[in-house]
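Asks: One structure, as structure tokens, below. Some questions next.
The values are calculated or read from the model by the stated rules, or taken from the named source; none is laboratory data. Note that the coordinates shown come from a computational prediction; the quantities given were computed from them, not determined experimentally. FYI the Cβ positions are ideal-geometry reconstructions off the backbone, even for glycines, and counts take in every protein chain you see. Heavy atoms of the whole protein, side chains included, go into the accessibility calculation; ligands, DNA and RNA do not. Shrake-Rupley method; radii C 1.70, N 1.55, O 1.52, S 1.80 Å.
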Amino acid sequence: YMFQSCTSLTSLDLTSFNTSNVTNMRYMFYNCQKLSSLSLTSFNTINVTDMRYMFYYCRSLITLDLTNFNTANVTNMESMFYYCDGLTSIDLTSFNTSSVTNFASMFQSCNSLITLDITSFDTSNGTNMAGMFNSCSDLTQIKISSLWDVSNITGLRGNGMFYNCTSLPNFNSSYTDVSMAKPTTQGGYLTLVGSVDTFTYESVNYQFDIGMTWADWLDSSYNTGGFDSNGNYVIDSGYEYITKNGTHREQVTDTIQAAAYYIYR
């Protein structure tokens with residue numbers, strides 16, 4: 001709560017701050033609504049565990065450089081950038097979110113953001129993403145990587161995740177919960193980066209997202225032919241058979257793990 005509601009503050013020099021022993025930065029710049037520039041390049045955040053509401057309602061910030069932030073120990077990022085509606089760019093490529101459980105409303109109402117790169121986000125421990133991108137109405141692309149995992153997000157904790165994100169690809173106002181937190185190739189709203197592989201069947205190349213299930217692939221835009229909707233074809237790869245039905249059938253929830261294709265042993 002250090003600078004909370006310093007509503008007339010326009011700039012702040014924190015270059016002399018030694019934050020190496022700080023564990024809690026929640027609400028630090030909360031409601032600093034006229035703060036237009038903020039340099040945090042000297043911040044040492046190695047011991048910080050809580051960053052919730054850290055930049056909440058910092059409406060005058062245009063850019064924010066957090067590339068030096070070490071977030072390996074942070075568990076809570078709820079509403080971290082909520083209503084930063086002047087923010088047009090933010091670099092989060094250095095963020096380690098492997099310990100974060102709460103992402104709720106993290107970017108809510110950041111409606112000046114056009115693209116958002118969260119390819120560094122490991123969300124495997126996330127349990128709450130309610131309203132994470134709520135009302136980011138100008139957002140046209142959210143980039144994720146194979147680190148993206150929403151398997152622990154259930155019930156109300158996934159509600160309203162994409163509410164009013166009208167500029168995202170495939171957007172449908174009837175579906176705004178965590179069920180759409182998947183790649184566009186699978187009908188979702190997110191752009192998967194750097195995790196596409198290829199297999200060949202009868203001299204035709206097919207792409208797939210590493211980590212998608214067989215059932216998802218059959219329903220995806222990657223299935224351009226050679227496999228029917230039931231996945232009844234058997235492919236002899238020279239090493240093993242690949243099939244959904246028949247002797248080598250596996251459960252449709254099996255995940256693509258190999259660097260090639262749907263290998264069912």
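Asks: Determine, yes or no, whether Asp50 is open to solvent by 50 Å² or more (accessible area, probe 1.4 Å) and in contact with a strand residue (DSSP E or B) (Cβ under 8 Å, 6 or more places away or on another chain).
Replies: In short, no.
Asks: When you scan the stretch 118-169, how many residues do you find that are within 21 Å of Cys84 (Cβ to Cβ), open to solvent by 40 Å² or more (accessible area, probe 1.4 Å), over 13 Å from the mean Cα position of the chain (by Cα) and not acidic (Asp, Glu)?
Replies: The qualifying residues number 5.
Asks: Take Asn47 and tell me if it is without any contact (Cβ under 8 Å) to a residue 60 or more places away in the chain, assigned to a loop (DSSP other than H, G, I, E, B) and more than 24 Å from the chain's Cα centre (by Cα).
Replies: Spelling it out, it is not the case that Asn47 is without any contact (Cβ under 8 Å) to a residue 60 or more places away in the chain, assigned to a loop (DSSP other than H, G, I, E, B) and more than 24 Å from the chain's Cα centre (by Cα).
Asks: Kindly list the number of the only condition in (1) assigned to a strand (DSSP E or B); (2) open to solvent by less than 20 Å² (accessible area, probe 1.4 Å) that fails for Ile90.
Replies: Exception for Ile90: condition (2).
Asks: For the condition modelled with pLDDT under 95 and within 22 Å of Val178 (Cβ to Cβ), what is the one hit in Ser146, Ser42?
Replies: Ser146
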